[in-house]
1. Give me the pairs, please: first residue somewhere in the stretch 66-95 and of a type in the set (K, R) and assigned to a helix (DSSP H, G or I), second residue anywhere and at pLDDT 95 or above and crowded, with 23+ Cβ neighbours inside 10 Å, beta-carbon distance under 6 Å, and either six or more positions apart or on two chains.
2. Just to be sure before I move on: is S96 under 16 Å from the mean Cα position of the chain (by Cα) and either farther than 21 Å from D254 by Cα or charged (D, E, K, R) (or both) in the structure I sent?
3. Being closer than 19 Å to N124 by Cα, more than 22 Å from the chain's Cα centre (by Cα) and either hydrophobic (A, V, I, L, M, F, W, C) or loosely packed, with under 15 Cβ neighbours inside 10 Å (or both) is the filter here, so list the residues in the stretch 163-200 that pass it.
4. Within the stretch 44-74, track down each residue that is within 25 Å of R264 (Cα to Cα) and among the hydrophobic types (A, V, I, L, M, F, W, C).
5. Contact list please: Cβ distance under 6 Å, first residue in the stretch 147-158 and farther than 20 Å from G218 by Cα, second residue charged (D, E, K, R), pairs at least six apart or on different chains.
6. Restricting attention to the stretch 201-213, which residues are surrounded by fewer than 24 Cβ atoms within 10 Å (Cβ to Cβ) and not in a helix (DSSP H, G or I)?
7. For the stretch 116-137, does any single residue satisfy the condition of being assigned to a loop (DSSP other than H, G, I, E, B), surrounded by 21 or more Cβ atoms within 10 Å (Cβ to Cβ), among the hydrophobic types (A, V, I, L, M, F, W, C) and within 17 Å of the chain's Cα centre (by Cα)?
8. Identify, please: which residue in the stretch 49-60 is in a loop (DSSP other than H, G, I, E, B) and surrounded by fewer than 16 Cβ atoms within 10 Å (Cβ to Cβ) and is, among those, nearest to the chain's Cα centre (by Cα)?
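The values are calculated or read from the model by the stated rules, or taken from the named source; none is laboratory data. Values in this document were obtained by computation on a predicted structure and should not be read as measured data. Cβ placement follows ideal geometry from the backbone for every residue including glycine, while neighbour counts extend to all protein chains displayed.
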Amino acid sequence: MPAAAGGSASAPGPAAQKPFVIGVSQSNLGEPYRVQMNADLAREAKAHPELRMIFKDAQNDSLRQRAQVEELVSQGVQLLIISPKESAPLTAPVASVYAQGIPVIVLDRRVEGDRFTTFIGPDNRRIGQAAGKWVVSTLGGKGKLIELEGLMTSSPARERHDGFWEGVNQKQNPGIEVVFTADTQWLEPNARREMESALAAHPHIDLVFAHNDPGAHGAYLAAKALGREREMKFVGIDALPHEGVQYVRDGWLDVTFAYSTCAREAIDSALAIRDQRPVAKEIIVGTRRFERDSVEQGGAALE
């Protein structure tokens with residue numbers, strides 16, 4: 001029998017393992033968070049040479065992501081990791097893969113129903129609640145707010161929005177008033193453009209709550225261009241070391257909340273699934289709050 005390409009005709013040693021092929025369907029690489037997620041997944045997988053990773057970038061297009069999922073299946077992946085652009089349009093493709101007996105790890109953004117192997121992600125509602133409570137405390141229960149939303153057809157944006165207003169609790173804090181909202185689709189250029197509109201319409205703004213750090217940074221840059229950045233506070237979510245955490249150090253953001261890429265949990269779960277060990281249907285990862293007085297200590301745990 002001829003040897004495999006690049007291999008040897010001799011029998012494999014006891015440590016040799018067949019490749020385990022994992023397809024990764026990423027919603028887009030236009031957000032720093034998603035670039036970091038892919039990098040973290042690749043780094044975690046590198047510790048396991050038997051893992052073979054195939055990455056696909058849907059470029060912020062649900063139809064393209066659906067086609068890429070089908071392409072990964074046709075390439076023979078043995079497990080799918082997907083961070084869907086939107087919940088509803090990707091629910092059926094994920095269910096189809098799962099029905100074919102291919103395990104599916106849904107990462108960060110949810111699909112509808114339960115036709116997948118496991119969901120892994122932080123608790124977006126809790127993060128939103130923590131941000132809302134921080135805003136009430138910081139503003140003393142009164143102020144004019146801008147909310148720059150993520151993509152509202154994705155589960156994190158909806159959960160962060162709902163959690164935030166639960167944390168604000170306008171019945172108890174009627175002085176907290178939202179004067180402008182916009183869906184930025186998670187993208188900093190969109191946030192900056194929307195913030196320019198908000199600044200033109202409102203002569204005074206107390207605080208900007210953005211669903212991610214690029215949104216908060218875009219808002220800060222728009223305010224700074226008009227010399228108004230000291231008038232308001234800026235709240236973000238993600239806390240990547242080179243992004244949100246650094247923005248807090250630089251004094252551009254007042255607070256950000258950690259949103260793990262969950263790469264370690266995803267690869268650990270993939271290995272467990274491969275080895276036919278049980279995994280939980282849902283794995284929720286914790287968060288931390290980073291302010292100027294806690295950033296050098298690695299942030300503070302939420303109460």
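1. Listed pairs, sorted by first residue: R66/P93.
2. Numbers: under 16 Å from the mean Cα position of the chain (by Cα): no; either farther than 21 Å from D254 by Cα or charged (D, E, K, R) (or both): yes.
In short, no.
3. Within the stretch 163-200, just V168 meets the criteria.
4. Passing the criteria: A45, A47, L51, M53, I54, F55, A58, V69, L72, V73.
5. Short answer, once both residue conditions are applied: T153/E86; S154/E86; S154/R109; S155/R109; S155/R110.
6. Initially, the stretch 201-213 is screened for residues surrounded by fewer than 24 Cβ atoms within 10 Å (Cβ to Cβ), giving 201-207.
Once the filter is applied, which keeps residues that are surrounded by fewer than 24 Cβ atoms within 10 Å (Cβ to Cβ) and not in a helix (DSSP H, G or I), the stretch 201-213 yields H202, P203, H204, I205, D206, L207.
7. No: zero hits.
8. Per the criteria, the residue is Q59.
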